[in-house]
Amino acid sequence: MILVIGAGGKVGTPAVQRLLDKGLVVRALTRDPAKMAGVWPGVEAVTGDLDRPETLPPAFEGVDAALVISAGNDIAGEDTNAIDAATAAGVDRLVLLSSQGVIANVASGPFHAAGEERLRASALSWTILRPAIFMANAAQWRDTIKAQGAFYEPTGTGAHAMIHPSDIGEVAAEVLASPGHVGQTYELTGPEAITSADCAAALSAALGTEVRHVDIPDEAFRQAMAGFGAPPVLIDSLSRYFAMVRVGDFAHVSPAVADILGRPGRTFRDWAVENAAVFG
Ligand SMILES: NC(=O)c1ccc[n+]([C@@H]2O[C@H](COP(=O)([O-])OP(=O)(O)OC[C@H]3O[C@@H](n4cnc5c(N)ncnc54)[C@H](OP(=O)(O)O)[C@@H]3O)[C@@H](O)[C@H]2O)c1
């Protein structure tokens with residue numbers, strides 16, 4: 001039995017699908033089982049909330065391996081609760097979704113460091129996935145693309161190897177399905193480093209209308225994020241991430257996705273075509 005936490009999300013959904021395709025038995029944790037009704041016949045939906053550790057023991061009962069995707073407001077606490085519940089239940093293997101930003105302490109990295117540390121110190125057989133920034137974040141550009149045909153990002157001409165979330169989910173499923181990945185930490189990137197101008201070109205082609213990237217200074221980015229209500233710690237870590245992107249520090253491509261899936265990762269052009277309707 002494999003437990004997937006975060007099963008209804010961008011990474012969890014393709015992970016569950018790939019596990020089912022492999023004929024494995026899957027349980028999906030959700031705060032609201034009604035949302036899972038009929039989505040995957042045969043998948044047992046179990047109610048639980050990573051922010052409420054008392055809800056977790058039934059979810060881990062009888063589980064051999066688990067994928068933990070913490071996507072709430074307290075990722076460090078949620079990772080800790082999941083790791084502790086898995087340990088108490090005698091789970092054999094745990095795959096943790098972390099972030100490429102852990103080492104440089106940028107982007108979502110600062111929120112994942114504690115969970116990584118706790119997992120490495122645990123008695124569980126673990127694998128850690130550190131994905132690059134998601135291509136799906138481009139959906140946040142929808143409103144300005146619809147209104148102005150433009151999106152605003154402080155990336156300059158820097159390239160970064162964004163990743164398609166479905167590739168992360170499929171890698172997670174492969175890692176869960178085989179014991180050969182225990183003790184590994186995989187950096188997961190897309191197949192190529194691309195600039196925001198490249199993203200604009202891909203979106204222009206997919207939408208059939210011109211989309212422009214507008215570079216903005218760090219201060220304007222910070223003000224925009226604050227306007228959306230983002231907490232200062234997140235604004236700071238994203239600001240540091242984009243500063244590194246501008247000078248090419250996230251332009252390398254990791255071989256892990258192609259090695260594990262046996263095919264190259266999906267491109268941003270693929271993502272743009274699949275998600276054109278988002279930009280309506
Ligand atoms: N976006 C990026 O660029 C990026 C880059 C690197 C790493 N990451 C990491 O990726 C993770 C997010 O993955 P994702 O985008 O696939 O997630 P997502 O689509 O935002 O959501 C995944 C699921 O998490 C569940 N969830 C939320 N709060 C929960 C809680 N308190 N207890 C139990 N389940 C909860 C929700 O399911 P229910 O509503 O059914 O409960 C939701 O369907 C985060 O850890 C993030 O730091 C993101």
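What follows is calculated from the coordinates using simple rules that are stated; it is not laboratory data. Quick caveat: nothing in here was measured; it's all calculated off a predicted structure. Methodologically, a virtual Cβ is constructed for each residue, glycine included, from the backbone with ideal geometry; neighbour enumeration extends over all protein chains shown.
For segment 63-69, in order, what is each residue's ³J(HN,Hα) by Karplus, 6.51 cos²θ - 1.76 cosθ + 1.60 with θ = phi - 60°, in whole Hz (x at glycine and Pro)?
My calculation for segment 63-69 gives 8, 8, 9, 9, 9, 10, 10 Hz in order.
Fewest first, what order do Tyr186, Tyr152, Tyr241 take by the number of other Cβ atoms within 10 Å?
Tyr152, Tyr186, Tyr241
Charges only on Cβ, +1 for Lys and Arg, -1 for Asp and Glu: so what's the dipole of the chain about the Cα centre, in debye to the nearest 20?
360 debye
Among the trypsin sites (Lys or Arg not before Pro) in segment 1-91, which ones are in a DSSP loop with at most 15 other Cβ atoms within 10 Å of the Cβ? Mind listing them?
When the trypsin sites (Lys or Arg not before Pro) of segment 1-91 are filtered for loop state and at most 15 Cβ neighbours within 10 Å, Lys22, Arg31 remain.
Give me, ordered by chain and number, the residues 5 or more places off Ala251 or on other chains with an amide H under 5 Å from its own placed amide H.
none
Under a Cβ-only charge scheme (Lys and Arg +1, Asp and Glu -1), can you give me the dipole magnitude of segment 141-280 about the Cα centre, in debye to the nearest 20?
Roughly 240 debye for segment 141-280.
For Lys22 and Ala121, FRET efficiency with R0 = 41 Å and r from the beta-carbon atoms, rounded to 0.05?
Computed FRET efficiency for Ala121 and Lys22 comes out at 0.85.
What is the set of long-range amide H partners of Glu187 at a cut-off below 5 Å, with H atoms built 1.01 Å from backbone N?
The answer is Arg130.
Choose one answer from Asp51, Asp32, Asp167: the residue with the largest mean-square fluctuation in a GNM of the chain with alpha-carbon springs under 10 Å.
Residue with maximal mean-square fluctuation among Asp51, Asp32, Asp167: Asp32.
What dipole magnitude, in Debye to the nearest 20, does segment 53-181 give about its Cα centre under +1 on Lys/Arg Cβ and -1 on Asp/Glu Cβ?
Here segment 53-181 has a charge dipole of around 400 debye.
Report the dimensions of segment 194-248 along its three principal axes from the alpha-carbon atoms, largest first, rounded to Å.
37, 26, 15
Can you compute 3J(HN,Hα) from phi for each residue in segment 133-142, using the Karplus curve 6.51 cos²θ - 1.76 cosθ + 1.60 with θ = phi - 60°, rounded to whole Hz and x for Gly and Pro?
4, 7, 4, 4, 4, 4, 4, 5, 7, 3
Tell me the label-point distance for the pair Arg31, Glu219, using the 7 Å Cα-to-Cβ offset, in nm and rounded to one decimal.
The answer from the label model is 3.8 nm.
For Ala147 and Asp51, compute 0.36 nm times the residue count separating them, minus their Cα-Cα distance, and round to one decimal in nm.
30.8 nm
Can you run phi through the Karplus equation (6.51, -1.76, 1.60; θ = phi - 60°) for segment 255-266 and list ³J(HN,Hα) in whole Hz, with x for Gly and Pro?
Once rounded to whole Hz, the list reads x, 4, 4, 5, 5, 7, 8, x, 7, x, x, 5.
Can you list residues from other chains, or at least 5 along the same chain, whose modelled amide H is less than 5 Å from the amide H of Trp126?
Hits under the 5 Å cutoff: Leu94, Gly183.
Would you mind ranking Glu116, Glu170 so that the residue whose beta carbon has the fewest other beta carbons within 10 Å leads the list?
Fewest-to-most ranking of Glu116, Glu170: Glu116, Glu170.
Percent antiparallel among DSSP beta bridges with both residues in the chain, to the nearest 5?
Rounded to the nearest five, the antiparallel share is 5 percent.
Kindly state, as a whole number, the per residue volume in cubic angstrom of the convex hull around the alpha carbon atoms of the chain.
That works out to 127 Å³ per residue.
Using the C-alpha gyration tensor of segment 1-157, what are the square roots of 5 times its eigenvalues, in whole angstrom, with the largest one first?
Rounded to whole Å, the semi-axes are 29, 21, 13.
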